[in-house]
Amino acid sequence: QVQLVESGGGLVQAGGSLRLSCAASGRTFISYGMGWFRQAPGKEREFVAAISLSGGSTYYADSVKGRFTISRDNAKNTVYLQMNTLKPEDTAVYYCAAERGSWGQRIPAEYDYWGQGTQVTVSS
């Protein structure tokens, strides 16, 4: 069992930055590929970024490529999402998710554990 807790969301003006964190419980964090997803009101949950078990490989949605950076610290059981040059269309609840033994899936159903989400609001 893995429990995930996100933090770092908030209100920011367009062009600003935020860093989200996701802390994982347990001693098997390195066994999971990690991902970030987001869900805006009235829309489906969408893939944002993923990182491999070791942290050596990353993968981004086209909409955030070049603006967002995913990273992980396996010693701290934490995955991060650095978000720069934020746009109003980035407004959503952001979720981290854990995928056992693999990584890089864009489909939410492929993930085994989810956090509760953190709200990010970007004002214009």
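The values are calculated or read from the model by the stated rules, or taken from the named source; none is laboratory data. Everything numeric in this text was worked out from a predicted model, so none of it was measured. All Cβ positions, even for glycine, are placed from backbone atoms using ideal geometry, and neighbour counts span all protein chains on display. Surface accessibility is based on the protein's heavy atoms, side chains included, excluding ligands, DNA and RNA. Shrake-Rupley method; radii C 1.70, N 1.55, O 1.52, S 1.80 Å.
The figures follow:
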item	result
Share of alpha-carbon pairs per 5 Å distance bin for region 70-124, given as whole %	4, 15, 21, 26, 19, 11, 4, 1
Extent along principal axes [Cα atoms of the chain; Å; largest to smallest]	41, 27, 23
Carbon/sulfur fraction of accessible area - the chain, other protein chains in place, 1.4 Å, %	46 percent
Å² per residue, accessible surface of the chain at 1.4 Å	50 Å²
J(HN,Hα) series, region 98-103, from Karplus relation 6.51 cos²θ - 1.76 cosθ + 1.60, nearest Hz, glycine and proline x	10, 10, 5, x, 8, 6
Over region 1-50 - Rg/Rh using Cα atoms and the Kirkwood inverse-distance radius	1.02
Highest to lowest packing among 25-33, 7-15, scored as the average C-beta count within 10 Å	25-33, 7-15
Sparse-neighbour loop sites [GluC sites (Glu not before Pro); region 33-124; at most 11 other C-beta within 10 Å; DSSP]	E44
Stretchable slack from S102 to T28, in nm (0.36 nm times residue separation minus alpha-carbon distance)	25.3 nm
